[in-house]
Structure formats: structure tokens, C-alpha cells
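Working notes for the structure below.
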Amino acid sequence: MKSVSPTQLDDWLAQARETAAPGVQPVVLDVREPWELQTASVRPEGFELVHMPMRTVPARMHELDRQQPIACLCHHGARSAQVVYFLMQHGFSDVVNIQGGINAWSMQRDPGVPLY
């Protein structure tokens, strides 16, 4: 499984845009629960932000494009890692885990994102 830290995300996004089909934008797939999203959220800058709680991914994965680069995000990186494995087993090839989750995002990328 591939992982990127929040500080490496810009490089991953640039590479993803280069290798994706024209007009295809990378996705940050936030797999946290709705209350977590209300507590702390990221701003979609250079990517599409999709919220899909982990428990709903099996039923909703058809909403995702298998050709679209996807970076999975949760609180600390454990749930998103499980989603990465699941998606890879179901034919998604360009999918990575955001190491440390939104907690690391706040500390490394955007201190305006609240810690919880």
C-alpha cells in the first residue's frame, strides 16, 4: 500500500494530474464519520473532496471512478488504510493513504484544521 504524508500531498497531486486522463482531477476521499467532518475538515485545493464514511464504502464505491487518483483520509490513518486495501482489491489502482490522517494534516499542512 502506498502512503503519502500531508506534506507530500502536493507532489502526489501533481503527479496524479500528470498521469490521469485529461480533465480528471484527483480525489481526497474522507472516510470519517459525519460528526468528525463537522469537527474538522480540509479545504479542497487542487483536488475534489468526497465524503464517504468507511462503513458506507462497500455500498457506495460505484460512485468512485476507478481511473481517478484517490487519496484516502481519516483521523489518524488506520481506517483510511483499510479503505485503500479494500479499493485496491476491487480494481482501483491509483489509491494512496494519507499517513497520520487529519491529525497530521493539521500539524503538517494546515494548522487552522482543529485537532480532536
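The values are calculated or read from the model by the stated rules, or taken from the named source; none is laboratory data. Note that the structure is a prediction, hence the values are computed from the model and not measured. Cβ sites come from the backbone with ideal geometry, for glycine too, and all protein chains shown count toward neighbours. In case anyone asks, the SASA skips ligands and DNA or RNA and just uses the protein heavy atoms, side chains included. Shrake-Rupley method; radii C 1.70, N 1.55, O 1.52, S 1.80 Å.
For the reader, a short list of remarks on this structure follows.
- Once both labels are positioned 7 Å from their Cα atoms along Cα-to-Cβ, the gap between residue 65 and residue 89 label points is 2.7 nm.
- Segment residue 51-residue 78, extension gain: residue separation times 0.36 nm, minus the distance between their alpha carbons: 8.1 nm
- Prolate/oblate/rounded call for the range 1-46, Cα gyration tensor, a/c under 1.5 rounded: prolate
- Centre-to-centre separation between the Cα atoms of the range 1-50 and those of the range 51-79: 11 Å.
- The charge dipole of the chain, taken about the Cα centre with unit charges on the Cβ atoms of Lys, Arg (+1) and Asp, Glu (-1), comes to about 280 debye, rounded to the nearest 20.
- Surface accessible to a 1.4 Å probe, per residue, for the residues of the range 1-74, Å²: 53
- Apportionment of accessible area to carbon and sulfur, the chain, percent (1.4 Å): 51
- Rough spin-label spacing in nm, given labels placed 7 Å along Cα→Cβ, for residue 37 and residue 108: 2.4
- Considering only 99, 59, 34, the residue lying farthest towards the positive end of the dipole of the chain is 59, judged by Cα position with unit charges set on Cβ.
- Calculated FRET value between residue 25 and residue 1, using beta carbons and R₀ = 25 Å, to 0.05: 0.65
- Largest-first ellipsoid semi-axes for the chain, taking √(5λ) over the Cα gyration tensor eigenvalues, angstrom: 20, 17, 12
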